[in-house]
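Scroll down for the structure; my scribbles are underneath it.
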Amino acid sequence: MFPTVREVLALDPVRHGGPRVVAGAGGLDRLVRWVHAAEVPDIAALLSGGELVLTTGIGLPADDPGLRAFIDELADAGVSGLMVELGRRYSGTVPKSMVAAAERRGLPLVELCRVTPFVPITEAVHALIVDAQLTELRATEEIHQRFTELSVEGAEPAEVVRQAAELAGCPVVLENLSRQVLGYATAGQSADLLLRGWEQHSRRIRQVGRTAYDPDVGWLVTMVGARGQDWGRLLLRWPGDLSTGAPTPPNRLTILVERAASTLALGRLIRRDAEGLERQIHRNLLTALLDHSRPVDEVALRARALGVPLDRRHLVGVVVRFRADEPGPTPAHQARLSDLAEAVSQAVRDAELSGLSSTLDDQAVGVLLALRGPGDEDAALAAFATALDRVRDGAGPTLDRVREGAGPTPAAARSAGAVIVAAGSGVADLREARRSLLEARQVADAARRGRRDLRVFRLPQVGLAGLLHLLREEPRLQTFVERELGPLLAYDAEHPREQLLGTLRGYLESGRNKSAAATAAHLSRPAFYERLARISRILHVDLDSVDDCLSLHVALLALDAVRDG
C-alpha cells in the first residue's frame, strides 16, 4: 500500500534535485508512510515511524555528537529515511559524522544536490500513497463481492479455491487437519512442484493464531471452520515481493484468504437438496437429531405429524451406502444417490416398517427405524434388507411408484454398484437416536473393506482399524493424531533420512520386543535403542509404558486410516 524509499527516489520532483544516496543503501526498500519536512533538531519526538524526513539542515546541531544524536533519534523513531538539501547549510556534502551514524543505523541518507522545493515532493509521494490506498480499497471491494456471490451460489470448494488463486495471482491449497490436500489451484505454476511432498512441507509452516504468514517458507495460512469446529487450513503461496522486498503479504491477500476460508466454511454448512417436501422434512428431522439443532420433543412432534411416531419406540439407526467411494458430487453420482434414497424409502414401506429416511451426505442414506420393542429388531432389519434387494432388483410390489419420474430404474441403480446395509445399536429414547445413527454410519464406512457375506453389518463385525477408518474425516481424530504424532512427523519432515515413525511402528507392531524390532529393522540393538530414546524425547513419552504405547499405536492406526482415505 505504501511506496518504498527507492520508489520515492524515482519520482520526478526528487530526480530534479539530483538525489545521491550516501548511507543506508540497504534500507532503500523501507516503506514510506508519510513525508515530513522539518528544520528542528528535536523532530523525532513528533514522529510515529515510517516517515521520510526532508530538511535543509539549517536547524541541525553544529557539532558531531549532536548530529550523531539526531540520526540516532530518527532511527529510534523508525523513520524510513532522511533527505538533506545541500546549499543552504551544507555545501558539497553532508558532514562525515552524519554519514557514519546513518550507515551504522542502516538509515537511508540522501543528499539533494540541487535546490529542490519540498512541496512537489510531498505532493507526489502523498498522491502515490492515496492512489495505492484506493487501489487496495477497490481490490478489497472486489474480493468481498466475489466471495459473497460464491456464498450465495453455493459454490463448490474447488471453485472457491480457483477464484481465490485467480484474485491473488498466487497458488492456493485447501488441506484438512492431517495435511492432506482437499483442493488446489496453481495460478499457472507447476502442480507437481506445488504438491510434491506436501504433508512434510505443510508441517514446516509455522502458524500462530488463526491467520499467519511464515516468511521462511512463504505461505499465508488461515484456519477453515465454523461454529468453533475447524476442519482444515487454506494456504496461499506468497514468497515475497521481489520488486520491493516487502517482508509480509499486502493486506488485501490476508483479507482474500480469510474471506475464501469463510466461504468454504459456509458452503460446508449449506445443505442443498432437490428432494420433495416430505423428503426434505425427513432430512431436516434426521439432521436435527444428528446436530442437535432442534429440541428432541419438537422432532418427535413433527415426526408424529408425518405419521412416524418416534416416542415410546425402540429406535434403530440404519445407514445404506455404496460399497465403493463415489467421485461425486457429479450429476451422475447425485442421480444414483437419489435413486438409492428412493429405493431405501420404498424398502421401508414394503417391509411395513415405520421410520425417517433421507440422504445424510454425498455418500450415504440414513434411516431411523421406529420399532415396537427390542425383540423386533433382528426381524425388522432382515425384512428391510430383503425389501431393499427386491426394490433395487426391480421386483418390488410398488415398482411403478418408484419409477415414476425417478429417471433410471431401480434395476439400473442395482447394477450400478453393491451397497452396504449397516445398523447401530437399538435405543429406547429419542435422545439416544443420534448415537445409533452415528454408529451405523461408522459401521457402514468401516465395512467397505470387510467381508461381503452379511446382509446387515453391526458393530461386532468391525474392528478398531475399521472404526478408525470410518472416523478418518473427523477433525477430532485428526487433532488426536497431530497431538500424539505431530512432533515426530515434523521431525521426520526435517530429517527425511531418519524416518523415526517407521522405527516407532516396528517397535509397536513387534509387541514392544526391542530385539525383534531391531532385527526386523536391520539395525544393531544399540542403534535401535538410541532411536527409541530419541522418539521418547521428541514425543515426551515413556515407550516402556503400556498406556503411552497403546495411545501411540491407536494414533498410528488412525494416521493410516487418514492417509488411506
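The values are calculated or read from the model by the stated rules, or taken from the named source; none is laboratory data. Just so you know, these numbers come straight off a predicted model, no measurement behind them. Cβ coordinates were reconstructed from backbone atoms using ideal geometry, including for glycine residues, and neighbour counts include every protein chain displayed. Keep in mind that these areas ignore ligands, DNA and RNA; they rest on the heavy atoms of the full protein, side chains included. Shrake-Rupley method; radii C 1.70, N 1.55, O 1.52, S 1.80 Å.
For the stretch 141-251, the relative contact order works out to 20 percent when only alpha carbon pairs closer than 8 Å and six or more residues apart are counted.
You can think of it this way: the chain between R294 and R312 has 4.6 nm of extra reach, that is 0.36 nm per residue less the Cα-Cα gap. The fraction of accessible area contributed by carbon and sulfur in the stretch 20-104 is 55 percent, rounded to a whole number (1.4 Å probe; ligands and nucleic acids excluded). Computed extension length for S545-A493: 16.1 nm, one decimal, from 0.36 nm per residue of separation with the Cα-Cα distance subtracted. Within the full protein context, the accessible area of Y184 is estimated at about 110 Å² for a probe radius of 1.4 Å.
Okay, which of the stretch 102-121 sit inside 18 Å, backbone N to the point 7 Å along the Cα-Cβ direction of R88? Those under the cut-off are 110-121.
When a 1.4 Å probe is rolled over the protein heavy atoms, the share of accessible surface on the stretch 127-264 that falls to carbon and sulfur comes to 52 percent.
Taking the C-alpha atoms only, the angle from helix 433-446 to the longest principal axis of the chain is near 80 degrees. Solvent exposure of the chain amounts to 48 Å² per residue of accessible area, where only protein heavy atoms count and the probe is 1.4 Å. Counting protein heavy atoms only, the stretch 279-381 has 51 percent of its accessible area on carbon and sulfur, 1.4 angstrom probe.
Between R455 and L523, the C-beta separation translates, for a Förster distance of 60 Å, into a calculated FRET efficiency of about 0.80. Across the chain, C-alpha contacts under 8 Å between residues 6 or more apart give a mean separation that, scaled by the residue count, equals a relative contact order of 10 percent. Dividing the mean sequence gap of close Cα pairs (under 8 Å, 6+ apart) by how many residues the stretch 43-174 holds gives a relative contact order of 20 percent. In the chain, the longest principal axis of the Cα atoms and the axis of helix 377-393 are about 80 degrees apart.
Each residue, D192 and N251, gets one label point 7 Å from its Cα in the Cβ direction; the gap between the two is 4.2 nm. Protein-only accessible surface at a 1.4 angstrom probe places the residues V221, V152 in the order V152, V221, largest first. Compute, for M223, the solvent-accessible surface of its heavy atoms (probe 1.4 Å) with the complete set of protein chains present, and express it in square angstrom to the nearest 10. Its heavy atoms expose roughly 40 Å² to the probe. Where does helix 296-305 land angle-wise versus the long Cα axis of the chain, in degrees 0 to 90, nearest 10? So the helix axis and the longest Cα principal axis differ by about 50 degrees.
A Förster radius of 45 Å combined with the Cβ-Cβ distance from N513 to D378 puts the calculated FRET efficiency at roughly 0.55. By a 1.4 Å probe calculation restricted to protein chains, V427 has an accessible surface near 10 Å², given to the nearest 10.
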